Every structure is written in C-alpha cells, then in structure tokens.
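**Q** Dropping the structure in here first, questions after.
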Amino acid sequence: MKQHHYTVTVVWTGNDGRGTATYTGYSRAHRITAPGKSPIDGSADPAFRGDLARWNPEELLLASLSACHQLWYLHLCATSGICVTAYEDAAEATMAEAPDGSGHVISAVLRPQVRVAPGCDIALAEALHGRAHAMCFIARSVNFPVRHHPVVLAGTVDEPGA
C-alpha cells in the first residue's frame with residue numbers, strides 16, 4: 001500500500017505574559033503552518049472561550065470532509081464525461097459535549113449544490129456523489145456518519161434564470 005506523510009506545525013500564540021495561570025486568563029489563539037503554505041489562524045470554538053474570527057478545529061474537520069468530497073467528485077465527473085461548471089457545499093456538523101467537558105462529532109451532512117453543463121447525464125452526476133463519498137480519504141477516516149444530500153442542476157451559472 002502506498003503511503004503519504006503530512007506535517008503541520010501548530011504554535012500557541014495566546015500567551016499574554018501570564019501563560020495558563022487561570023482558565024479564563026489566556027487566549028486560545030494559535031497558528032497552523034506548513035512549508036510553502038499560507039498560515040491559518042486558529043482558536044477554540046467561542047463556546048470554549050475561543051475567538052469567533054479564527055478557525056476552530058471542528059470547522060477545520062468539517063472543511064476537510066467537504067473539500068475531500070468535492071475533490072473526489074470533481075475527479076470522478078471529469079473521468080466520467082460530466083462537465084461541472086459550479087460547485088458549492090453548505091456543510092454542517094454536530095458535536096455532542098459530555099458532562100465532563102469532553103465531546104465528539106456525532107454527524108456531518110454535506111449539501112453540495114452542483115451545476116453541470118447542458119446535455120450532461122444528471123442521473124450519473126447525482127450517482128457520482130455516492131462514489132465520491134466512498135473514495136473520500138477523510139470520510140473513510142472518521143468514526144461518525146457523513147451523509148450527503150446533493151442537488152445537481154443542468155446549465156451554466158451565466159444562463160438567465162439559472
């Protein structure tokens with residue numbers, strides 16, 4: 001089996017000089033970097049004293065699921081003769097928090113809205129979402145259900161009434 005290796009660096013940037021002396025006295029700010037890429041400013045979810053303006057781990061997990069599905073879907077469409085002209089996903093995830101403060105994501109729903117060129121096989125374009133889900137590295141790696149509810153429309157986004 002072929003293997004791929006990934007590295008990132010996560011640096012806490014929220015020390016205001018007092019460290020973690022108190023639970024409420026430090027920022028959850030951090031920066032995620034990888035060689036040759038733009039940094040990502042992260043924090044905790046605002047429910048856990050994080051900064052709403054920064055990405056939190058839960059959002060990044062959901063974004064990874066959505067992006068992986070999208071990339072597989074576009075690949076499968078391209079190799080199956082389906083010309084995708086637009087793709088947008090309004091993904092959602094739900095996390096359950098336990099009384100002890102731990103938690104886990106219990107489900108995710110991907111809602112891709114796809115537009116394909118006129119004359120494309122809509123049924124095939126819809127079916128390829130199932131194949132994309134089965135191939136997605138991230139969806140295959142998580143221990144919670146990832147559902148998808150795609151909408152596939154024919155025509156380009158530039159067409160009147162589209």
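**Q** For the chain, the longest stretch holding no trypsin sites (Lys or Arg not before Pro) located in a DSSP loop with at most 16 other Cβ atoms within 10 Å is which?
**A** 50-139
**Q** Something else about it: If you fit an axis through the alpha-carbon atoms of helix 57-80 and take the longest principal axis of the Cα set of the chain, what angle between them do you get, 0 to 90°, nearest 10?
**A** Around 20 degrees separate the two axes.
**Q** For every helix of n ≥ 4 consecutive DSSP H residues, a contribution of -39,500 (n - 2.57) applies; sum these over the chain, divide by its total residues, and give [θ] at 222 nm rounded to the nearest 500 deg cm²/dmol.
**A** So the helix-based figure for the chain works out to -8000 deg cm²/dmol.
**Q** To the nearest 10 degrees, how steep is helix 122-135 against the longest Cα principal axis of the chain, on a 0 to 90 scale?
**A** 40
**Q** Can you put Leu52, Leu61 in order of Cβ neighbours within 10 angstrom, beginning with the fewest?
**A** Leu52, Leu61
**Q** Let me make sure I get this right: for the range 9-48, a, b and c are the square roots of the gyration tensor eigenvalues over alpha carbons, sorted descending. Under 1.5 in a/c it's rounded, otherwise prolate if a/b > b/c, else oblate. Which is it?
**A** oblate
**Q** In addition: For the chain, with only Lys/Arg (+1) and Asp/Glu (-1) charged at the beta-carbon, what is the dipole magnitude about the Cα centre, in debye rounded to 20?
**A** Result for the chain is approximately 500 debye, rounded to the nearest 20.
**Q** Averaging sequence separations of C-alpha pairs under 8 Å and six or more residues apart, then dividing by the length of the chain, give the relative contact order as a whole percent.
**A** Normalised by residue count, the contact order of the chain is 17 percent.
**Q** Which percent of Cα pairs goes in each bin when the distances of the range 57-154 are cut into 10 angstrom slices starting at zero?
**A** The calculated distribution, bin by bin, is 16, 47, 24, 9, 3, 0.
**Q** Net charge near Asn56: determine it from the other residues with C-beta under 13 Å of the C-beta of Asn56, scoring Lys and Arg +1 and Asp and Glu -1.
**A** Residues near Asn56 contribute -2 overall.
**Q** Just to confirm my numbers, what's the Cα centroid distance between the range 54-94 and the range 2-34 in Å?
**A** 26
Values quoted throughout were computed directly from the atomic coordinates according to the rules given, and no laboratory measurement underlies them. The shown structure was predicted, so the numbers you read here are calculated from the model rather than taken from an experiment. Note that we place each Cβ from the backbone using ideal geometry, even for glycine, and neighbour counts take in every protein chain shown.
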